[in-house]
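The block underneath contains the structure these notes are about, expressed in structure tokens.
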Amino acid sequence: MTQHSSIRPRVSLIERAAKAYDFRAALEASDAAPEPVRSAAAADEAAPAVDPAWKAAPFEGRLGRIARDQLAERGFIIPDAAPSVLAEEYRIIKRELLLDADTIARGRVILVASGASGEGKTFSAVNLALSCAQERDIEVVLVDADVAKPEVLATLGLDNGPGLLDALADPTVRIEDCLIRTDVPNLVVLPAGTARNEATELLASGRTKALLEGLIAANPRRLVILDSPPALAASPASVLALVAGQALVVVRADKTPERALRETVALLNHCPQIRLLLNSVEYAGSSRRFGSYYGQVQ
């Protein structure tokens with residue numbers, strides 16, 4: 001059944017989620033830090049402006065072709081397609097994230113998470129990456145960090161191969177060699193890699209931060225988007241929050257309990273900036289209509 005939503009002009013899903021859930025109370029009730037805001041300390045740690053004369057090093061990873069027909073069947077944003085309702089919604093969402101990319105600590109690393117499975121985090125991470133890749137001065141690295149149940153490669157129709165866990169476990173594996181450059185300009189994908197029992201410990205190691213910093217150092221125009229495991233179902237999400245500067249928490253309307261949201265925010269509270277994205281929602285009262293995943297709830 002196709003769902004639709006209508007909202008006032010210039011009001012994004014993030015803003016709707018903040019109104020639907022008492023986000024400030026969630027932070028206070030969970031003993032988390034106050035509502036994340038930009039701070040002078042964070043600004044001091046922000047990445048410097050990119051030198052206009054800077055040039056990226058030659059790409060050394062693999063090449064892959066995005067399965068556009070598969071994306072279309074499942075209701076995703078379609079690269080190079082005409083503007084759509086969904087594409088416009090993600091343009092609003094990404095703008096807030098891009099504004100903070102260079103103004104807060106680790107702002108170019110964005111964690112996309114949810115409390116439980118089935119709330120649309122991978123759908124949101126992939127669409128966010130596709131939307132950000134349309135920017136002229138950004139290269140997106142979409143990381144399949146849901147290492148227990150990776151879905152990004154299958155969603156995009158890419159072949160599996162060495163990835164994040166391999167580079168974390170073996171210092172001789174270069175992270176750049178694990179990247180997949182797609183036929184979507186400015187979109188690069190990093191697979192989860194070989195499954196390991198000590199995945200959480202690998203992600204919690206200092207090497208994770210070093211690898212992510214290395215990705216951005218190799219190309220300061222890069223924006224790294226991490227598709228995280230559900231925060232309440234797997235431990236890596238809280239670990240990944242330590243290396244991300246921004247977190248986008250996907251909340252599914254009429255499904256995600258407020259208590260679960262509070263617990264999720266508490267687990268991610270080490271991330272300097274946390275926002276909510278309300279998924280699968282119906283709103284009325286305006287002539288502007290937004291489709292909720294065009295009936296495709298992931």
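No value in this document is a laboratory result; all are computed from the given coordinates. All figures in this text were calculated on a predicted structure; none of them were measured in a lab. Cβ: placed from backbone, ideal geometry, glycine included. Neighbour counts: every protein chain shown.
Put simply, the Cα atoms of the stretch 138-199 extend 34, 24, 18 Å along their principal axes, the longest span coming first. Taking 0.36 nm per residue of separation and subtracting the current Cα-Cα distance, fully stretching the chain between residue 196 and residue 170 would add 8.1 nm.
If you sort the three axes of the alpha carbon gyration tensor as a ≥ b ≥ c, you get a/c under 1.5 for the stretch 49-194, which makes it rounded.
For the stretch 64-137, the equivalent ellipsoid derived from the alpha-carbon gyration tensor has semi-axes of 22, 16, 11 Å in decreasing order.
For the stretch 113-164, rounded, prolate or oblate, judged on the Cα gyration tensor with a ≥ b ≥ c (square roots of eigenvalues), a/c < 1.5 rounded, else prolate if a/b > b/c?
The shape class here is oblate.
Taken along the Cα-to-beta-carbon direction at a fixed 7 Å, the label points for residue 81 and residue 63 span 2.5 nm. One quarter of the convex hull surface built on the alpha carbon atoms of the stretch 207-246 amounts to 3.0 nm², the projected area averaged over directions.
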